[in-house]
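Have a look at the structure below, then the notes.
The values are calculated or read from the model by the stated rules, or taken from the named source; none is laboratory data. Everything numeric in this text was worked out from a predicted model, so none of it was measured. In this analysis, Cβ positions are derived from the backbone assuming ideal geometry, glycine residues included, and neighbour counts consider all displayed protein chains.
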Amino acid sequence: MKLTRFTDNALRCLIYLGQNPGRVVTVGEVSRRMLMSEDHLLKVVRRLVELGLVRTVRGRRGGVQLLRSAEDIVIADVVRATEDNLAIVPCFSPGDNCPLSPTCELAGAFEKALAAFFGVLEKQTLADLLKPELSRG
């Protein structure tokens, strides 16, 4: 399984904001730190705003900051909300006509693996991903 770059960038953006609690961070600062274009980061930030995870501040001292505490942001929720397709194999998709169905258990095995993957991420919050010495404001 491979997560999209969008999800990776969303998680890394949240981590950076979590390392700067209470501070409004400019999009330029985040994009430079993450080595990505501001345009792409703006798409990520827009999605994080829609999810109620961050807020944007307009104006001269504007930027972005966490809207919720790092302890309240569950990593599994972020991944589910930013990934557009979690179908590991084509037979996960509705209407797939697998020539081995109904005697193949591949989809069932991957379904269990995906459940285990999310089982771990459901126990992880953004706070768990922050190094203590970096998350002090």
Considering only segment 23-34, how many residues are surrounded by 18 or more Cβ atoms within 10 Å (Cβ to Cβ) and either outside any helix (DSSP H, G or I) or among the hydroxyl-bearing types (Ser, Thr, Tyr) (or both)? 2
Only listed residue being in contact (Cβ under 8 Å) with a residue 12 or more places away in the chain and not in a helix (DSSP H, G or I), chosen from ASN9, ASN20: ASN20
Looking at (1) modelled with pLDDT of 95 or more; (2) assigned to a loop (DSSP other than H, G, I, E, B); (3) of a type in the set (Asp, Glu), which is the one condition that is false for ASP84? (1)
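Let's see how each residue does on (1) within 22 Å of ALA76 (Cβ to Cβ); (2) in contact with a strand residue (DSSP E or B) (Cβ under 6 Å, 6 or more places away or on another chain):
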| residue | (1), (2) |
| --- | --- |
| ILE15 | yes, no |
| GLN19 | yes, no |
| ARG23 | no, no |
| HIS40 | no, no |
| VAL45 | yes, yes |
